[in-house]
Amino acid sequence: MILQSLEKIKYKVISCKKCSLCESRTHAVPGKGNSKAEIVFVGEAPGRSEDLKGEPFVGSAGKKLSDLLEHVGLSRDSVYITNVVKCRPPENRQPTKQEKKACSDYLNRELEIINPRIICVLGNTAYSSLLGGKNITKDHGKIVRKDKRLYFVTFHPAAIIYNPKLVSPLKKDFRRLVKVLGKIKNGSPMEDFL
Ligand code: URA
Ligand code: SF4
């Protein structure tokens, strides 16, 4: 298998016309962050601010994500942040099945190259796309092993904006995520945290 660089994927995304979201976007939004990241965060799709800037999680949801990272002592530069779909759906509607499928190659390649210790799935869209899950409210905090990858499931940071009651469970999930990462690095057996 030929591993491409993240840089190459970025250029492919920027000029991609594989689905109709390319017609309404201002900028495509490739993933951003550390190519050696131990954690990759996967959101849904770019919003308005991201579309304007061409970078993931730079608007109000991004501010919440930054706050959560800071809460657990992680810098944005140390992790990698990306989305299921790389172009903004009009009016921030959810991406369609076709759009998610058309875009899935990019996320798969990002994950292949970075090969993180754990992938943090943010919200229901990423949860259903990556793991076929449905209910974040019930499943948040769970660890899922699939195709030799490890996933951690939690709410989308934007959920806090509408529902402040989720601040505390989200913070708790992020603390657990970092704790789990520590255990993985220590070589703890999977049964310890699954
Ligand atoms: N919401 C997402 O899911 N991704 C972003 O990049 C911004 C907001
Ligand atoms: Fe290409 Fe993905 Fe953008 Fe569609 S959403 S045009 S597949 S980069």
(request) Report the net charge of residues surrounding E91, where surrounding means a beta-carbon distance below 15 angstrom and charges are Lys +1, Arg +1, Asp -1, Glu -1. (result) -1
(message) I want the local charge near S168. Using Cβ-Cβ distances under 14 Å, sum +1 for each Lys or Arg and -1 for each Asp or Glu among the other residues.
(response) +4
(message) Probe radius 1.4 Å, ligands and nucleic acids ignored: give me the carbon and sulfur share of the accessible area of the range 6-185 as a rounded percent.
(response) 48 percent
(request) At 0.36 nm per residue, minus the direct Cα-Cα distance, what do D192 and S78 gain on full extension? Give it in nm, one decimal, please. (result) 38.5 nm
(message) At 1.567 mPa s and 4 °C, plugging the Kirkwood radius over alpha-carbon pairs of the range 34-77 into Stokes-Einstein gives what diffusion coefficient in µm²/s?
(response) 116 µm²/s
(message) Checking understanding here: applying a Kyte-Doolittle mean of at least -0.5 and a length along the axis of at least 30 Å (C-alpha), which whole DSSP H helices in the chain pass?
(response) none
(request) Compute the signed sum of charges (Lys and Arg +1, Asp and Glu -1) over the other residues within less than 14 Å, Cβ to Cβ, of E70. (result) +3
(request) Using only alpha carbons, build the gyration tensor for the range 1-117 and give me the equivalent ellipsoid semi-axes, biggest first, whole Å. (result) 21, 18, 11
(request) Compare the Cα positions of S49, N163, M190 along the charge dipole of the chain (+1 at Cβ of Lys, Arg; -1 at Cβ of Asp, Glu; about the Cα centre) and return the one farthest towards the positive end. (result) M190
(request) Loop only per DSSP, at most 10 neighbouring Cβ atoms within 10 Å: give me the trypsin sites (Lys or Arg not before Pro) in the range 38-105, ordered by residue number. (result) R93
(request) Whole Å is fine, so just give me how far the alpha carbon centre of the range 108-148 lies from that of the range 171-193. (result) 15 Å
(request) With 10 Å bins from zero, work out the P(r) of the range 96-194 over every alpha carbon pair and list the percent per bin. (result) 14, 44, 33, 8, 0
(message) Filter K18/K101; K10/K148; K10/K100; K36/K101; K64/K172; K100/K171 down to the pairs with a C-alpha to C-alpha distance above 20 Å, please.
(response) K10/K148; K36/K101; K100/K171
(message) How much accessible area per residue does the range 42-124 have, counting only protein heavy atoms and a probe of 1.4 Å, in square angstrom?
(response) 45 Å²
(message) If each residue of separation counts as 0.36 nm, what is the full-extension length gain between K97 and Y162 once their alpha-carbon separation is subtracted?
(response) 20.9 nm
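The values are calculated or read from the model by the stated rules, or taken from the named source; none is laboratory data. Everything numeric here is computed off the predicted structure, so don't read it as measured data. For neighbour counting, all protein chains shown are included, and Cβ atoms are generated from backbone atoms with ideal geometry for every residue, glycine included. Note: areas computed on protein heavy atoms with side chains; ligands, DNA, RNA excluded. Shrake-Rupley method; radii C 1.70, N 1.55, O 1.52, S 1.80 Å.
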